[in-house]
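No value in this document is a laboratory result; all are computed from the given coordinates. For clarity, every value in this text was computed on a predicted model and none was experimentally measured. Positions of Cβ are backbone-derived with ideal geometry, glycine not excepted, and every protein chain shown enters the neighbour counts.
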Amino acid sequence: MERVSYAEAVRRGLAEEMRRDPLVWALGEDLSRAHGSTSSTQYCGLIDEFGPKRVVDTPISESTIMGAAVGAALAGTRPVAELRNVDFGLCAIDELVNQAAKIRYMFGGQARVPLVTRQGLGLKRSLGSQHTQSNEVWFVHTPGLVVVAPATPGDGRGLLKASIRCDDPVVFLEHKELWATEGDVDFSDDGIVPLGRARTVTSGTDLTLVVWSRMAIVAEHAATQLSALGVSAEVIDLRTLWPWDREAVFRSVRKTGRLLVAQESVLVGGFANEVAAEVSERLHNTLVAPVRRLGAPRIPMPYSPPLEDECRIECRHVVEAALSLVQNDRSRKETT
Amino acid sequence: MGNENTASASIGRALALFRTMCLIREFEERCAEEKARGTVPGLVHQSTGQEAVPTGICAHLRREDYLFSNHRGHGHAIAKGADPAAMMKEIFGRQGGTCGGKGGSMHIADFSVGMLGANGILADGLTMAVGAAQAVSLKGENRLVCCFVGDGTTNRGPFFEALNWAQVFRLPVLFACEDNTYASTTRTDEVFAGPGVVARVASFGIEAASVDGNDLGAVDAAAGRLIAQIRSGGGPRFLHARTYRIRGHISSDPLNYRRAGETETHMATEPIARYQKWLIENGASETDCSAIRAEARALIERAVAESMAAPFPDTNTAWTDVQDIGGPQWNG
Ligand SMILES: Cc1ncc(C[n+]2csc(CCOP(=O)(O)OP(=O)(O)O)c2C)c(N)n1
Ligand SMILES: [Mg+2]
């Protein structure tokens, strides 16, 4: 085991895949020169090992970063298209949604588009409306895409590797606040984390708390606080949003009878709704309380810290919602 | 372009331009200091060393003219007449900020002076600028639209679309390219094909000028000429101003991708000392110049003090101005 940051874990994960498969390459703005200065360190040093044909510093041309990745995937390579922020990724959404996601199907299965696009997600502090979005659900809504949002260094590495090996286009979402977080990673094995498989963060019996990306860290803290209050929460980190691990969630809800889904993104139309709806439809007999969801208000993210705090889902919100859920019991009989 | 260097304007006007540059410099340097001290919450993109570009251009803009800016936009806003104290409050995220604390450094806007917004997304200002110009022509107004764009951003598709569009519809737009050599950590010339941005612009049939952007006299003269042509119905024009980003991409950038001595070399050509020299050679006194510098410093110092003393916005304001119907639902 080695203690490393998330950024270092994904950096090494990419390097391992590039060593394993000479057709894996990365493209994006400032890839080789950003030595932990203005952007994060996920590509640090890769150019020295793999050279400028496989670590490509591109012009500021988002449409072409994504379009080129689609073309290069069709032509038999495995590109990793770095877009830095989902907000900048919006400048390349057309190539991703209209091309990458649909080509295999439209062309009757003649081709695959094995690209990975890496995009930074979410809030740090005071980055304003155009550098903070969490639009993961847009991708989930698009047939053809796989959507991954890992929370820990080990999952970051293992899922990045699985994403690169995946023949479908994968949107790999890295929460910007996670890059500096640390965790233990075993680099002696290949560490692949299968796509579509959730992780049980903490086991519990009173309620199921479903989360992904940075919210998994928040939920873990919430579970600790809840346990001090006598509430046993089972935290499930989905890790992959499409396909999501329904079985893991159902299994847990069958045990706890209660579901809380917490997300950083805007609640309206968010992915929490998908989880809540599936559980409500399929497990209504099992639920002893109405499903709860937490998410941001439908507000573009403001800059000033106290305004931004109005829009953040914090540990205390998760704890409050969980408490209200366990206090708000209906009997199983009433539900059925 | 050489003879445009000899600005013939009166010394009073020249001192006013000098003052604008000093205000921008002080503003940028103090912002970065405050960011380093932790009093500014968000990112700060400084335009230190680039002051002559917005100063020389905005000297020819009227209050009613529109300006679209980018992420490195403090200088643009100050030159267009935005209040530095309100801008500083915005960057501190306080009440009284240009956007009530909702925007921050990357989204400063002051519609009362025609400053229609800094921008966090590269090149988006360009396409909005041509649209604003189209509205001006639709309404039969007498306004010009100016849009600043960085060198790196000229590789984005919307740049080409906006240029073509502006020329097709003969719109009153000045595209002002602030070529500060870098796009974050990348030297733009390493990812830029062809002989330069002016050649690209020329291929659309748009008349362009390329000037030493650290020479205020040169920027002033070229901007004056191009803007006069636009005002007389000549269609869009392009001003390429060659300058240098003395500071990092953002204020915390350690600049470890630069060659040794590079920054120092460029310090020697920074616009403020250069213009001061010119002023003194042309009749201003050393004392005039120092007084202007001191006044700018005091003004920005006051802006910082006021910003620190200003309260944070009422949290209720987070919920306002989202949209007219279907307001911001909370999490149920
Ligand atoms: C569409 C988009 N892509 C990438 C970024 C990230 N980014 C912000 S500034 C910048 C460099 C811009 O360089 P340039 O246009 O030369 O302007 P300068 O920063 O030098 O003023 C980059 C890549 C962004 N904000 N928007
Ligand atoms: Mg630049």
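Grab the DSSP H runs of chain A that are 4 residues or longer, score each as -39,500 (n - 2.57), total them, divide by all residues and round the 222 nm result to the nearest 500 deg cm²/dmol.
On the way: 13 runs with 121 residues, N = 336.
Taken over chain A, the calculation gives -10500 deg cm²/dmol.
From the phi angles alone, apply the Karplus equation (6.51, -1.76, 1.60; θ = phi - 60°) to segment B:97-113 and give each ³J(HN,Hα) in whole Hz, x where the residue is Gly or Pro.
Those phi angles translate into x, 4, 10, x, x, 7, x, x, 3, 7, 9, 5, 9, 9, 5, 5, 10 Hz.
When N is the residue count of segment B:108-205, what does its C-alpha Rg come to as a fraction of 2.2 N^0.38 Å? Write down the numbers at each step before the final one.
Values: Rg = 14.0 Å, N = 98, 2.2 N^0.38 = 12.6 Å.
So the Cα radius of gyration is 1.12 times the expected 2.2 N^0.38 Å.
Within 9 Å, Cβ to Cβ, of A:ARG214, how many net charges do the neighbouring residues add up to if Lys/Arg are +1 and Asp/Glu are -1?
Overall, the nearby charge balance is -1.
Could you give the size of the charge dipole of chain A about its Cα centre, using +1 on the Cβ of each K and R and -1 on the Cβ of each D and E, expressed in debye and rounded to the nearest 20? Before the final figure, lay out each step's value.
Numbers: 38 positive and 43 negative charges, 148 e Å.
Taking the Cα centre of chain A as origin, the dipole is about 700 debye.
Grab the eigenvalues of the alpha-carbon gyration tensor for segment A:199-335, scale each by 5, take roots, and send me the semi-axes largest first in whole angstrom.
The equivalent ellipsoid of segment A:199-335 has semi-axes of 23, 16, 14 Å.
If the elastic network links every pair of Cα atoms under 10 Å, which of B:GLY213, B:GLY224, B:GLY261 fluctuates the most in the Gaussian network model of chain B?
Sorting by GNM fluctuation, first place goes to B:GLY261.
Quick one: what are the phi-derived ³J(HN,Hα) couplings along segment A:176-182, Karplus 6.51/-1.76/1.60 with θ = phi - 60°, whole Hz, x for glycine and proline?
Calculated HN-Hα couplings, in order: 4, 6, 7, 3, 8, 6, 10 Hz.
What does the charge dipole of the protein assembly as shown about its Cα centre add up to, to the nearest 20 debye, if the Cβ of each Lys and Arg holds +1 and the Cβ of each Asp and Glu holds -1? It would help to have the intermediate numbers written out before the result.
On the way: 70 positive and 80 negative charges, 183 e Å.
With Lys and Arg at +1 and Asp and Glu at -1, about 880 debye.
Can you pull the Kirkwood radius for segment B:200-332, inverse mean 1/r over Cα pairs, to one decimal in Å?
Details: mean 1/r = 0.0494 Å⁻¹.
The answer is 20.3 Å.
Over segment A:1-78, what is the relative contact order in percent, taking alpha-carbon pairs closer than 8 angstrom and at least six residues apart? Working shown, then result.
Details: 73 pairs, mean separation 25.6, N = 78.
This gives 33 percent for segment A:1-78.
For the protein assembly as shown, what are the per-bin percents of Cα-Cα distances with bins 10 Å wide, up to the bin holding the maximum?
Taking every Cα pair in the protein assembly as shown, the percentages come to 3, 15, 23, 24, 18, 10, 5, 1, 0, 0.
Please state the charge dipole magnitude for segment B:12-307, taken about the Cα centre, from unit charges on C-beta atoms (+1 on K and R, -1 on D and E), reported in debye and rounded to the nearest 20.
Working: 32 positive and 33 negative charges, 98 e Å.
Here segment B:12-307 has a charge dipole of around 460 debye.
In segment A:27-134, if the dipole is taken from +1 on Lys/Arg beta carbons and -1 on Asp/Glu beta carbons about the Cα centre, which of A:TYR105, A:LEU121, A:GLN133 is farthest to the positive end?
Most positive-ward Cα: A:TYR105.
Which loop GluC sites (Glu not before Pro) in segment B:1-100, with loop taken from DSSP, have no more than 13 other Cβ atoms within 10 angstrom of their Cβ?
Numbers: sites: B:GLU4, B:GLU26, B:GLU28, B:GLU29, B:GLU33, B:GLU34, B:GLU51, B:GLU64, B:GLU90; in loops: B:GLU51, B:GLU64.
Answer in residue order: B:GLU64.
Lysines near B:LYS80 by alpha-carbon distance under 28 Å, same-chain residues fewer than 8 away left out - which ones?
Of all the lysines, those that pass the test against B:LYS80 - Cα under 28 Å, at least 8 places apart if same chain - are B:LYS35, B:LYS89, B:LYS102, B:LYS139, B:LYS277.
Below 12 angstrom from the Cβ of A:GLU16, what's the summed charge of the other residues (Lys, Arg +1; Asp, Glu -1)?
Values: positive: A:ARG11, A:ARG12, A:ARG19, A:ARG20, A:ARG157, A:LYS161, A:ARG165; negative: A:GLU17, A:ASP21, A:GLU49, A:ASP189, A:ASP190.
For residues surrounding A:GLU16, the net value is +2.
Suppose each label sits 7 Å from its Cα in the direction of the beta carbon; what would the A:HIS317-A:ASP94 distance come out to in nanometres?
Calculated label separation equals 3.4 nm.
So what J values fall out for segment B:266-274 if you push phi through Karplus, 6.51 cos²θ - 1.76 cosθ + 1.60 with θ = phi - 60°, rounded to Hz, Gly and Pro as x?
6, 3, 5, 10, 4, x, 6, 4, 5
Pick from B:ALA162, B:ALA133, B:ALA228 the residue whose mean-square fluctuation is largest in a GNM of chain B, springs joining Cα atoms under 10 Å.
Result for chain B, Cα springs under 10 Å: B:ALA228 fluctuates most.
Take chain B, connect every pair of alpha-carbon atoms lying under 10 Å apart with a spring to form a Gaussian network, then pick out the residue of B:ALA218, B:ALA241, B:ALA310 with the largest mean-square fluctuation.
B:ALA310
So who's got an amide H within less than 5 Å of the one on B:TYR182, skipping anything under 5 residues away but keeping other chains? H placed 1.01 Å off N, in plane.
Sorted by chain and number, the residues that satisfy this are B:THR188, B:ARG245.
Once Lys and Arg get +1 and Asp and Glu get -1 on their Cβ, which of A:THR256, B:LEU299, B:ALA59 lies farthest toward the positive end of the dipole of the protein assembly as shown?
A:THR256
Express as a percent, rounded to the nearest 5, the fraction of DSSP beta bridges in the protein assembly as shown (both residues included) that run antiparallel. The partial results should precede the final answer.
Numbers: 12 of 65 bridges.
Counting only bridges with both partners in the protein assembly as shown, antiparallel ones make up about 20 percent.
With the contact rule set at Cα under 8 Å and sequence spacing of 6 or more, what percent relative contact order holds for segment A:2-185?
Values: 366 pairs, mean separation 52.4, N = 184.
Computed over segment A:2-185, the figure is 28 percent.
Dipole of chain B (Lys/Arg Cβ +1, Asp/Glu Cβ -1, origin at the Cα centre): which of B:ALA183, B:SER112, B:PHE27 lies farthest to the positive side?
B:SER112
Just how far, in whole angstrom, is segment A:198-243 from segment B:127-198 if you go by their alpha carbon centroids?
Answer, in whole Å: 48.
Find the relative contact order for chain A and round it to a whole percent, using C-alpha pairs within less than 8 Å whose residues are 6+ positions apart.
16
Amide H to amide H under 5 Å from B:GLY213: which residues, 5+ apart in sequence or cross-chain, H placed 1.01 Å off N in plane?
B:ARG242, B:THR243
For chain A, take the longest principal axis of its alpha carbons; what is the angle in degrees between that and the long axis of helix A:153-165, to the nearest 10 within 0 to 90?
60
Tell me, what is the Rg over Rh of chain B, with Rh the Kirkwood radius over Cα pairs? Please list the in-between numbers first.
Details: Rg = 19.6 Å, Rh = 20.4 Å.
Ratio of gyration radius to Kirkwood radius: 0.96.
Please give the net charge around A:PHE250, taking every other residue with its beta carbon less than 12 angstrom from that of A:PHE250, where Lys and Arg add +1 and Asp and Glu add -1.
Numbers: positive: A:ARG246, A:ARG251, A:ARG254, A:LYS255, A:ARG282; negative: A:ASP245, A:GLU247, A:GLU278, A:GLU281.
That works out to +1.
How large is the helix-only mean residue ellipticity at 222 nm for chain B, computed as the sum of -39500 (n - 2.57) over DSSP H runs with n ≥ 4, divided by its residue count, in deg cm²/dmol to the nearest 500?
Details: 11 runs with 140 residues, N = 332.
So the helix-based figure for chain B works out to -13500 deg cm²/dmol.
Name the long-range amide H neighbours of A:VAL201: under 5 Å, sequence gap of 5 or more, or other chain; modelled H, no Pro or chain starts.
A:VAL235, A:ILE236, A:ASP237
For B:VAL168 and B:ALA228, what does the FRET efficiency come to when R0 = 25 Å and r is the distance between their Cβ atoms, rounded to the nearest 0.05? Walk me through the intermediate numbers first.
Working: r = 22 Å, r/R0 = 0.89.
Approximately 0.65, to the nearest 0.05.
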